[in-house]
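Participant: Let me begin by handing over the structure; questions about it come next.
Readers should treat all values here as calculations from the given coordinates under stated rules, not as data from a laboratory. Please read all numbers here as calculations on a predicted model, not as lab measurements. As a convention, Cβ positions derive from the backbone with ideal geometry for all residues, glycine included, and neighbour counts pool all protein chains shown.
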Amino acid sequence: MRTRRTGVLTSILLIVAFFLPPALGQENANPASEKKSSAETMYSEIGRAPEKARAKRNPLEKDPDAVAAGRILFEQRCAECHGDSAEGGKKGPSLRANEIQDAEPGAIFWVLTNGVVRKGMPVWSKLPEPQRWQLVSFIKSLGPASAKTDAPPANTSQPRSR
Amino acid sequence: MFIHRGLPLVSFLVLAAFSLPDFARAQENPYFVAYDHYLEEPGNLEIEYFSTFGTQRGGKDFHSYWMELEYGATAWWTTEFYLDGQTTFGDSTIFTGIRWENRFRPLKREHFINPILYVEYEHKSGADKILKEGEGHDVEADFLTPNSVARQEIINEMELKLILSSTFKGWNFTQNTLAAKNLSNEPWEFGYALGASRPLALKASARRCTLCPQNFIAGVEMYGGLGDRYHFGLHDTSQYVAPVLGWNLPSGWTLRISPGFGLNDNSHQFLLRWGVSREINGFGSMVSRLFRGGQ
């Protein structure tokens with residue numbers, strides 16, 4: 001009987017503990033000021049990229065498929081936070097902002113690799129290096145926000161193949 | 001009995017979770033036992049179901065299974081809740097316990113070797129057969145006890161792991177060191193897991209595809225016990241090696257399969273593991289909205 005009570009109590013505690021982070025963790029997820037400060041932090045992270053990382057050239061710069069492949073990767077990994085058209089979303093800032101579009105490809109690659117862990121952006125080194133460069137190619141192809149009408153939306157449908 | 005009533009709860013949770021609409025494309029590693037240093041994306045929930053079929057010398061083969069609810073609380077903290085069960089053929093099907101696992105990333109940036117701290121609490125019965133880790137002097141003969149007897153033993157255990165993982169030229173190499181303590185005054189037990197894996201292609205295709213090589217990750221893992229604080233080493237431990245294959249489908253599902261082989265006479269000769277998982281976007285926001293009145 002005692003074992004049963006302990007079991008039930010343990011289960012309740014574990015379930016409460018499991019659901020507490022989502023219930024409390026996103027309490028103030030969307031206020032405008034917090035969003036702005038989060039964007040500033042993300043953009044300032046670009047400036048923290050070491051010189052060696054900035055100097056890296058995109059090896060897929062001339063790959064004609066890099067942007068198309070990067071677009072698919074963006075939809076699958078990034079659009080959830082940065083928005084379907086990369087103009088900023090629920091959690092992530094706009095990637096069409098000048099801070100990103102004017103940054104060296106190497107600096108964007110560095111942020112993708114390292115994430116901004118304390119501000120919610122995960123590390124993306126789990127994507128192989130060529131895929132991260134494909135993402136950089138796509139992000140740089142977007143152009144600044146003022147030119148957004150000319151840029152292709154991130155969720156353009158692509159042909160499916162096997 | 002608490003453990004007996006768990007099965008309907010497991011079924012309900014599986015059905016409820018798999019009917020949630022919004023999902024994300026996962027890039028999951030193919031390991032069953034080893035962990036790498038990648039945590040769940042913040043706010044996302046991954047629902048996973050895994051099975052292990054195991055052969056048993058001198059007894060009845062078994063099929064064990066567990067469900068994991070893995071939630072990215074932050075970019076540096078992933079929390080996970082497990083429900084475990086097993087069927088021993090010709091014996092019975094029982095719920096064997098629950099686990100609560102937490103993984104923490106202490107370093108802000110990516111390094112050549114990335115440490116992750118792992119803390120888990122397990123409340124399980126002695127009939128647990130999921131073989132999620134190798135520890136202490138756990139051997140094949142321990143599984144001979146009939147379920148009706150083994151389930152009488154209730155185990156409360158804390159498990160700590162240091163995960164050291166590195167990604168180099170598309171390869172992931174990971175090494176996990178485990179220390180487990182049964183809270184009923186048992187000695188510390190130790191174990192390890194090693195893993196290496198790589199996607200079949202490093203560049204993504206410019207077309208959407210299901211069977212593209214970049215969607216497959218293949219590798220191998222090796223794991224086993226390292227004795228306890230009084231008898232440290234490989235003596236009287238079980239050891240396994242297992243090729244692993246993961247398939248990340250564009251629909252958001254991940255499938256994994258792994259045949260495992262015992263490396264000594266104390267190990268099950270053959271283990272076949274498989275699993276399916278699906279990642280759900282924005283679970284955190286969903287729960288948050290629920291508590292804030294649907295904003």
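Participant: Place a label point 7 angstrom from the Cα of B:D265 along the Cα-to-Cβ direction, then list the residues of region B:224-241 whose backbone nitrogen is under 15 Å away.
Facilitator: Under cut-off, by backbone N: B:235-239.
Participant: Average partner chain C-beta neighbours within 10 Å, per residue of A:77-88?
Facilitator: Values: counts 5, 0, 2, 8, 5, 0, 0, 0, 0, 0, 0, 0.
Average per residue, whole number: 2.
Participant: Averaged over peptide B:97-105, how many Cβ atoms belonging to another chain are found within 10 Å of each residue's Cβ? Let's see the in-between values first.
Facilitator: Numbers: counts 2, 5, 1, 7, 0, 2, 0, 0, 4.
The mean count of partner-chain Cβ atoms within 10 Å per residue comes to 2.
Participant: Given contacts defined as C-alpha pairs under 8 Å and at least six residues apart, what's the relative contact order of region A:34-147, whole-number percent?
Facilitator: Once divided by the residue count of region A:34-147, the mean separation gives 35 percent.
Participant: Starting from the 7 Å offset along Cα-to-Cβ, what nm value, one decimal, do you get for the label separation of B:R207 and B:D61?
Facilitator: It is 4.1 nm.
Participant: When you look at the Cβ of every residue in B:38-48, what mean number of other chain Cβ atoms sits within 10 Å?
Facilitator: Averaged over the peptide's residues, the number is 4.
Participant: How high is the FRET efficiency between B:N156 and B:S51 when r is their beta carbon distance and R₀ equals 30 Å, given to the nearest 0.05? Let's see the in-between values first.
Facilitator: Numbers: r = 25 Å, r/R0 = 0.84.
About 0.75, to the nearest 0.05.
Participant: I want to check the label-to-label distance for B:F112 and B:N182. Put each point 7 Å from Cα in the C-beta direction and report it in nm to one decimal.
Facilitator: Simple spin-label model gives 4.1 nm for this pair.
Participant: Can you tell me, using C-alpha contacts under 8 Å and at least 6 residues apart, the relative contact order of chain B as a whole percent?
Facilitator: Details: 805 pairs, mean separation 62.6, N = 295.
Result for chain B is 21 percent.
Participant: What FRET efficiency do you get for B:V220 and B:F291 if R0 is 35 Å and r is their Cβ-Cβ distance, rounded to the nearest 0.05?
Facilitator: 0.20
Participant: Let me know the number of lysine pairs in chain B closer than 19 Å at the Cα, not counting same-chain pairs under 8 apart.
Facilitator: Lysine pairs meeting the criterion: 9.
Participant: Between B:V276 and B:V149, take the C-beta separation as r, use R0 = 35 Å, and let me know the FRET efficiency to the nearest 0.05.
Facilitator: Step by step, r from the Cβ atoms, then E = 0.60.
Participant: Another question, then. By count of other Cβ within 10 Å, fewest leading, how are B:H137, B:H111 ordered? Spell out each step's value before the answer.
Facilitator: Working: B:H137 16, B:H111 11.
Ranked by crowding around the Cβ, least crowded first: B:H111, B:H137.
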